[in-house]
Amino acid sequence: MKFFLILCLFILSAFAFDVGNGKSLVVTLDGPQGVFKLNDRNITILPHPTYPNKGFVIIPIDYHEQPHLIEAQWLNTNEHMGVEINVTCATYPTEILTVDNAKVCPPPEVLQRIALEKAEAENIYNHITPERYWNKPFIRPIDSITTSQYGSARTYNSVLKSYHGGVDFRAKTPLPILASNDGVVVLAKERYYAGGTVIIDHGEGVYSCYFHLSEFNVKVGDPIIQGQNIALSGATGRITGPHLHFGFMIQGIQTDPIEFMAQINTLFTQPFRIVQNTSQTGQ
């Protein structure tokens, strides 16, 4: 009988959202506490930047994830809220590119360097800093047109097939690159594929990435404020011409940077995609 009464305290509500592969879902919760379970892992509920009595979660969907339905749950003190996330197949363009062949079939002497740089980046992206450094909407790092969108299916030199993990901005001459938001520099170095690279930790598993730079204005450990000139654009690494590659890593997963910023910035204007406590609202 006692077990039955406890079960009756939980109110089950279902909310459904669609999200494409390679995208992120930002969901506002009608409360800042509890546990948000996504399959076999817990997603941290973050404090809302403008509504102290609410929380939100960021759910990045891997580019290679196939369409399927995810049954998520928000477990609060006395309720059990069901959340359905329908992963769909996003539409991405194709690109055929010609680059330096050494950037497609690297010589043996650089293979160890490539492996070390890959491991270094993975260690950075998989670390989640509990502190949040930003408290304002994110901005684009350069005022320019985009020349290649996130998710493009790419073929290099008719050999290598991959996808574009960020968005490219035109930058024919060295132009100032601005920090998208407040944070801390965790990488500033020349890398084989990405060329001149700056990575900024914004806290809570959010990292912004700036590739193909020609000059650095920051170093590892520097605190950064939004709009700060962190580097100059360039034509380093695996490129077809001078440009800025800009991306985001969320909880170790690449995501569409333009859509992510649009969603996260909505938190500053109104509750976005809110999962409500129906027992309190009476709906």
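The values are calculated or read from the model by the stated rules, or taken from the named source; none is laboratory data. Computed from a prediction, not measured in an experiment: that's the story for all the values here. Reconstructed Cβ throughout: ideal geometry from the backbone, glycine too, with neighbour counts over all protein chains shown.
Just to be sure, is Thr28 of a type in the set (Ser, Thr, Tyr), at pLDDT below 95, in a strand (DSSP E or B) and not assigned by TED's automatic domain parsing to the domain that holds Gly203? Walk me through how you get there before you give the answer.
On the way: of a type in the set (Ser, Thr, Tyr): yes; at pLDDT below 95: yes; in a strand (DSSP E or B): yes; not assigned by TED's automatic domain parsing to the domain that holds Gly203: yes.
Criteria met by Thr28.
Could you say whether any residue in the stretch 110-126 is in a loop (DSSP other than H, G, I, E, B), touching a residue at least 12 places away in the same chain (Cβ under 8 Å) and either touching a Ser or Thr at 6+ places or on another chain (Cβ under 6 Å) or over 21 Å from Tyr63 (Cα atoms) (or both)? Walk me through it before giving the result.
Residues of the stretch 110-126 that are in a loop (DSSP other than H, G, I, E, B), as a first pass: 126.
Next cut, touching a residue at least 12 places away in the same chain (Cβ under 8 Å) only: 126.
Then keep just the ones that are either touching a Ser or Thr at 6+ places or on another chain (Cβ under 6 Å) or over 21 Å from Tyr63 (Cα atoms) (or both); that gives none.
Within the stretch 110-126 (the criterion being in a loop (DSSP other than H, G, I, E, B), touching a residue at least 12 places away in the same chain (Cβ under 8 Å) and either touching a Ser or Thr at 6+ places or on another chain (Cβ under 6 Å) or over 21 Å from Tyr63 (Cα atoms) (or both)), the answer is no, since none of the residues qualifies.
For residues that are of a type outside the set (A, V, I, L, M), out of contact with any Ser or Thr (no Cβ under 7 Å at 6 or more places or on another chain) and in a strand (DSSP E or B), scanning just the stretch 137-174, find the one that is nearest to Asn229 (Cα to Cα).
Thr146
Does Lys161 satisfy the condition of being at negative phi and either in the same structural domain as Asn42 (by TED's automatic domain parsing) or modelled with pLDDT under 95 (or both)?
Values: at negative phi: yes; either in the same structural domain as Asn42 (by TED's automatic domain parsing) or modelled with pLDDT under 95 (or both): yes.
Judged against the criteria, Lys161 is a match.
Restricting the stretch 153-207 to residues that are crowded, with 20+ Cβ neighbours inside 10 Å and either more than 21 Å from the chain's Cα centre (by Cα) or without any contact (Cβ under 8 Å) to a residue 12 or more places away in the chain (or both), which is nearest to Leu111 (Cα to Cα)?
It comes out as Tyr156.
Taking into account only those residues within the stretch 131-142 that are farther than 17 Å from Glu259 by Cα and over 16 Å from the mean Cα position of the chain (by Cα), which is surrounded by the fewest Cβ atoms within 10 Å (Cβ to Cβ)?
Step one: list which residues in the stretch 131-142 are farther than 17 Å from Glu259 by Cα, which gives 131-135.
With the extra rule that they be over 16 Å from the mean Cα position of the chain (by Cα), the set shrinks to 131, 135.
Values: Glu131: 9, Asn135: 11.
That would be Glu131.
Against the definition (touching a residue at least 12 places away in the same chain (Cβ under 8 Å), touching a Lys or Arg at 6+ places or on another chain (Cβ under 6 Å), among the hydroxyl-bearing types (Ser, Thr, Tyr) and farther than 27 Å from Leu46 by Cβ), how does Ser144 come out, yes or no? Full working, then the answer.
On the way: touching a residue at least 12 places away in the same chain (Cβ under 8 Å): yes; touching a Lys or Arg at 6+ places or on another chain (Cβ under 6 Å): yes; among the hydroxyl-bearing types (Ser, Thr, Tyr): yes; farther than 27 Å from Leu46 by Cβ: yes.
In short, yes.
Considering Tyr156, Tyr210, which residue is within 22 Å of Glu259 (Cα to Cα) and either of a type outside the set (Lys, Arg) or assigned by TED's automatic domain parsing to the domain that holds Asn135 (or both)?
Values: Tyr156 fails: within 22 Å of Glu259 (Cα to Cα).
The conditions single out Tyr210.
Counting only residues that are more than 20 Å from Ile124 (Cβ to Cβ), in contact (Cβ under 8 Å) with a residue 24 or more places away in the chain and not hydrophobic (A, V, I, L, M, F, W, C), give me the strands (runs of 3 or more DSSP E) lying completely in the stretch 208-266 with at least 1 of them.
Values: elements: 229-233, 243-250, 253-255.
Strands (runs of 3 or more DSSP E) meeting the threshold: 229-233, 243-250.
Residue by residue, here is whether (1) within 22 Å of Ser214 (Cα to Cα); (2) modelled with pLDDT of 95 or more; (3) not assigned by TED's automatic domain parsing to the domain that holds Thr155 holds:
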position: Gln228; (1), (2), (3): yes, yes, no
position: Ala231; (1), (2), (3): yes, yes, no
position: Thr236; (1), (2), (3): yes, yes, no
position: Thr240; (1), (2), (3): yes, no, no
position: His243; (1), (2), (3): yes, yes, no
position: Met261; (1), (2), (3): no, yes, yes
position: Pro271; (1), (2), (3): no, no, yes
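Do we have Gly55 as modelled with pLDDT of 95 or more and among the small types (Gly, Ala, Ser) here? Outline the logic, then answer.
Working: modelled with pLDDT of 95 or more: no; among the small types (Gly, Ala, Ser): yes.
Criteria not met by Gly55.
In the stretch 185-243, how many residues are of a type in the set (Asp, Glu) and more than 26 Å from Arg132 (Cα to Cα)?
Residues flagged as of a type in the set (Asp, Glu) and more than 26 Å from Arg132 (Cα to Cα) within the stretch 185-243 amount to 2.
Tally the residues that are polar (S, T, N, Q) and exposed (fewer than 12 other Cβ atoms within 10 Å of the Cβ), restricting the search to the stretch 55-77. Step through it out loud before you land on a result.
Pass one, the stretch 55-77, residues polar (S, T, N, Q): 66, 73, 76-77.
If we keep only those that are exposed (fewer than 12 other Cβ atoms within 10 Å of the Cβ) too, we end up with 66, 77.
Of the residues in that region, 2 qualify.
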